[in-house]
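Asks: I have a structure I would like to understand better, so I am pasting it below and will then ask my questions one at a time.
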Amino acid sequence: MTKHILVIPGDGIGPEVTHWGKAALQQIATTFNHEFSFDEALMGHAAIEATGNPLPDETLAKAKQSDAILFGAVGHAKYDNDPSLKVRPEQGLLKIRKELGLYANLRPILLFDELLHASSIKPMILKGTDILFFRELTGDVYFGEKIRSEDRNSASDLMIYHKYEIERIAHKAYEAARQRRKKLCSVDKANVLESSRLWRETVQEVAKQYPDVQTEHLFIDNAAMQLIKDPKQFDVVLTGNLFGDILTDEASQIAGSMGMLASASVGDGTGFFEPIHGSAHDITGKDLANPLASILSVALMLEIGFGLKDEAKAIVNAIDKVLKEGFRTNDIADSTTNRYKVLGTAEMGKLVLKFLSQTTFTNS
Ligand code: IPM
Ligand code: MG
């Protein structure tokens with residue numbers, strides 16, 4: 001298979017982890033006889049520094065021409081405590097999601113058995129958890145009108161959904177549920193918000209077309225609680241942009257660390273693959289970042305973007321092997337025991353590649 005991939009390393013730990021994601025793609029190309037070509041582009045703070053624009057036209061043009069995008073992270077400490085800054089790294093990410101029509105953000109909570117103890121939740125509660133989040137990505141309060149009063153003492157963000165936006169992601173989530181355990185939980189705040197009442201009404205309508213899938217509706221506050229209390233009850237979780245942003249950070253703790261969670265943003269065109277973690281300025285450049293979420297994002301690119309299931313599985317297997325042999329990055333190491341061999345970003349990346357290079361066509 002011949003594919004052209006745009007790499008957007010971004011800011012903070014983005015470049016460090018994306019390096020290993022790209023290396024994993026190159027290894028897959030060698031092992032499985034594919035031809036992957038690469039280009040690179042700027043986004044976020046790095047792009048603001050170079051061009052004044054968090055999403056330069058050139059990046060968008062390259063993105064549209066590629067078959068898939070591997071992205072790192074955006075953000076920089078200087079913006080976090082200065083809300084008055086008008087041009088911000090995150091605008092690049094939001095704009096590319098909108099421009100590429102990436103309305104469905106898939107965030108699988110993939111729990112490696114080896115990491116049961118890395119979570120702050122009891123292993124017996126976690127064991128067997130397998131959740132796939134569908135977070136709507138191009139609507140909601142993220143993209144509604146933002147107003148600041150003239151005296152600057154009031155502000156509002158419009159939480160708005162259109163029916164077609166809810167329908168298209170609901171269909172994607174139901175299709176996925178059909179391939180899984182046939183359970184879908186839709187999360188909203190329909191007891192308070194009108195946009196959530198539209199959400200619920202629309203999901204109830206779409207549900208009629210999937211009678212084989214069991215549908216449940218939860219309010220966001222209850223869902224946040226249930227996720228920690230009994231995560232195994234969930235299969236596919238469908239939710240809006242803001243609730244999905246918050247719930248998936250919470251859910252990352254089920255998998256042990258933000259450093260383990262990958263995501264795929266898809267719509268009608270080029271797919272966009274990224275770790276759910278951010279730029280993590282506090283550990284940038286210290287060889288402490290966990291590259292596994294970026295490498296797992298590559299697995300999602302192979303499976304969802306290119307339909308290459310065996311290749312995706314080879315990546316997950318290589319990571320599983322690394323963990324089984326006791327290797328950990330700092331974020332998933334248990335500091336109360338010295339059972340684990342704690343590695344830096346580069347060593348962890350190299351080890352995954354080594355195991356990946358031992359994959360052959362026949363053992364997938
Ligand atoms: C995410 C991030 C982004 C979001 C930020 C960086 C704008 O938190 O991808 O989850 O809120 O969508
Ligand atoms: Mg987030």
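Asks: Go through the stretch 268-287 residue by residue and tally those that are assigned to a loop (DSSP other than H, G, I, E, B) and within 16 Å of ligand 1 (Cβ to nearest atom). Spell out the reasoning first.
Replies: Taking the stretch 268-287 first, the residues assigned to a loop (DSSP other than H, G, I, E, B) are 268-270, 276-280, 284-287.
From the residues that got through so far, the ones that are within 16 Å of ligand 1 (Cβ to nearest atom) too are 276-280, 284.
Residues flagged as assigned to a loop (DSSP other than H, G, I, E, B) and within 16 Å of ligand 1 (Cβ to nearest atom) within the stretch 268-287 amount to 6.
Asks: Within the stretch 246-298, track down each residue that is in contact with a strand residue (DSSP E or B) (Cβ under 7 Å, 6 or more places away or on another chain), polar (S, T, N, Q) and more than 11 Å from ligand 2 (Cβ to nearest atom).
Replies: Ser265, Thr270, Ser279, Asn290, Ser294, Ser297 - these are the residues of the stretch 246-298 that are in contact with a strand residue (DSSP E or B) (Cβ under 7 Å, 6 or more places away or on another chain), polar (S, T, N, Q) and more than 11 Å from ligand 2 (Cβ to nearest atom).
Asks: For the stretch 121-129, indicate whether the set of residues that are surrounded by 21 or more Cβ atoms within 10 Å (Cβ to Cβ) and in contact with a Phe, Trp or Tyr (Cβ under 7 Å, 6 or more places away or on another chain) is non-empty.
Replies: For the stretch 121-129, residues surrounded by 21 or more Cβ atoms within 10 Å (Cβ to Cβ) and in contact with a Phe, Trp or Tyr (Cβ under 7 Å, 6 or more places away or on another chain): absent.
Asks: Follow-up. Considering Leu70, Leu102, Leu93, which residue is open to solvent by less than 10 Å² (accessible area, probe 1.4 Å), outside the structural domain of Gln179 (by TED's automatic domain parsing), within 16 Å of ligand 2 (Cβ to nearest atom) and in contact with a strand residue (DSSP E or B) (Cβ under 9 Å, 6 or more places away or on another chain)? Before you say what the answer is, go through the steps one by one.
Replies: On the way: Leu70 fails: within 16 Å of ligand 2 (Cβ to nearest atom); Leu93 fails: open to solvent by less than 10 Å² (accessible area, probe 1.4 Å).
Of the residues listed, the single one that is open to solvent by less than 10 Å² (accessible area, probe 1.4 Å), outside the structural domain of Gln179 (by TED's automatic domain parsing), within 16 Å of ligand 2 (Cβ to nearest atom) and in contact with a strand residue (DSSP E or B) (Cβ under 9 Å, 6 or more places away or on another chain) is Leu102.
Asks: Do we find a residue being more than 15 Å from Asn241 (Cβ to Cβ) and within 16 Å of ligand 1 (Cβ to nearest atom) anywhere in the stretch 111-130? Explain how you work it out, then say what you get.
Replies: Let us first name the residues in the stretch 111-130 that are more than 15 Å from Asn241 (Cβ to Cβ), namely 111-130.
From the residues that got through so far, the ones that are within 16 Å of ligand 1 (Cβ to nearest atom) too are none.
The answer is no; no qualifying residue exists.
Asks: Being at pLDDT 95 or above and open to solvent by less than 10 Å² (accessible area, probe 1.4 Å) narrows it down to one of Asp188, Asp157, so name that one. Spell out how you get there, then give the answer.
Replies: Working: Asp157 fails: open to solvent by less than 10 Å² (accessible area, probe 1.4 Å).
None of the others qualify; the one that does is Asp188.
Asks: Among (1) within 16 Å of ligand 1 (Cβ to nearest atom); (2) assigned to a helix (DSSP H, G or I), there is one condition Val187 misses while meeting the rest; what is its number?
Replies: Of the numbered conditions (1) within 16 Å of ligand 1 (Cβ to nearest atom); (2) assigned to a helix (DSSP H, G or I), the odd one out for Val187 is (2).
Asks: Quick one: Leu261 ticks every box in (1) within 22 Å of Tyr161 (Cβ to Cβ); (2) open to solvent by less than 10 Å² (accessible area, probe 1.4 Å); (3) within 15 Å of ligand 1 (Cβ to nearest atom) except a single one, so which number is it?
Replies: For Leu261, the exception is condition (1).
Asks: Test Ala333 against the criterion of being in contact with a strand residue (DSSP E or B) (Cβ under 8 Å, 6 or more places away or on another chain) and small (Gly, Ala, Ser), and give yes or no. Explain how you work it out, then say what you get.
Replies: On the way: in contact with a strand residue (DSSP E or B) (Cβ under 8 Å, 6 or more places away or on another chain): yes; small (Gly, Ala, Ser): yes.
Yes; evaluated as a whole, the condition is true for this residue.
Asks: Just a yes or no: is a residue in the stretch 289-296 part of a helix (DSSP H, G or I), away from ligand 1 (no atom under 16 Å from the Cβ) and closer than 30 Å to Tyr164 by Cβ?
Replies: No, the stretch 289-296 contains no residue that is part of a helix (DSSP H, G or I), away from ligand 1 (no atom under 16 Å from the Cβ) and closer than 30 Å to Tyr164 by Cβ.
Asks: Go through (1) modelled with pLDDT of 95 or more; (2) more than 20 Å from Asp245 (Cα to Cα) and name the single condition Gly14 misses.
Replies: It is condition (2) that Gly14 fails.
Asks: Inside the stretch 228-249, can you point out the residues that are open to solvent by less than 70 Å² (accessible area, probe 1.4 Å), in a helix (DSSP H, G or I) and within 16 Å of ligand 1 (Cβ to nearest atom)?
Replies: The answer is Asn241, Leu242, Phe243, Gly244, Asp245, Leu247, Thr248, Asp249.
Asks: OK, next. Residue check, Lys309 against (1) under 19 Å from Leu70 (Cβ atoms); (2) buried (at least 17 other Cβ atoms within 10 Å of the Cβ), all met but one. Which one?
Replies: (2)
Asks: On to the next question. Limited to the stretch 40-63, what total is found for residues that are in a helix (DSSP H, G or I) and surrounded by 14 or more Cβ atoms within 10 Å (Cβ to Cβ)? Step through it out loud before you land on a result.
Replies: Start the filter on the stretch 40-63 by keeping residues that are in a helix (DSSP H, G or I), which leaves 45-51, 57-63.
So of that shortlist, the ones also surrounded by 14 or more Cβ atoms within 10 Å (Cβ to Cβ) come out as 45-48, 51, 59-60, 62-63.
Residues meeting the conditions: 9.
Asks: Return the only residue of Asn53, Asn81 being farther than 29 Å from Thr2 by Cβ and free of Cβ contacts under 8 Å to residues at least 24 places away in the same chain. Walk me through how you get there before you give the answer.
Replies: Values: Asn53 fails: free of Cβ contacts under 8 Å to residues at least 24 places away in the same chain.
The conditions single out Asn81.
Asks: Would the stretch 141-154 turn up any residue that is within 18 Å of Leu218 (Cα to Cα), over 26 Å from the mean Cα position of the chain (by Cα) and surrounded by fewer than 14 Cβ atoms within 10 Å (Cβ to Cβ)? So that I can check it myself, show each step before the final result.
Replies: Applying the first criterion (within 18 Å of Leu218 (Cα to Cα)) to the stretch 141-154 yields none.
Looking for residues that are within 18 Å of Leu218 (Cα to Cα), over 26 Å from the mean Cα position of the chain (by Cα) and surrounded by fewer than 14 Cβ atoms within 10 Å (Cβ to Cβ), one finds none in the stretch 141-154, hence no.
Asks: Check Leu115 against each of (1) of a type outside the set (Ser, Thr, Tyr); (2) buried (at least 18 other Cβ atoms within 10 Å of the Cβ); (3) assigned to a loop (DSSP other than H, G, I, E, B) and name the one condition it does not meet.
Replies: That leaves (3) as the condition not met.
Asks: Answer with yes or no whether Val203 is more than 25 Å from Gly128 (Cβ to Cβ) and buried (at least 19 other Cβ atoms within 10 Å of the Cβ). Break it down stepwise before answering.
Replies: Values: more than 25 Å from Gly128 (Cβ to Cβ): yes; buried (at least 19 other Cβ atoms within 10 Å of the Cβ): yes.
Answer is yes for this residue.
The values are calculated or read from the model by the stated rules, or taken from the named source; none is laboratory data. As the structure is a computational prediction, the values presented were derived from the model and not from experiment. Positions of Cβ are backbone-derived with ideal geometry, glycine not excepted, and every protein chain shown enters the neighbour counts. Each accessible area value is taken on the protein alone, full model and side chains, heavy atoms only, with ligands, DNA and RNA left out. Shrake-Rupley method; radii C 1.70, N 1.55, O 1.52, S 1.80 Å.
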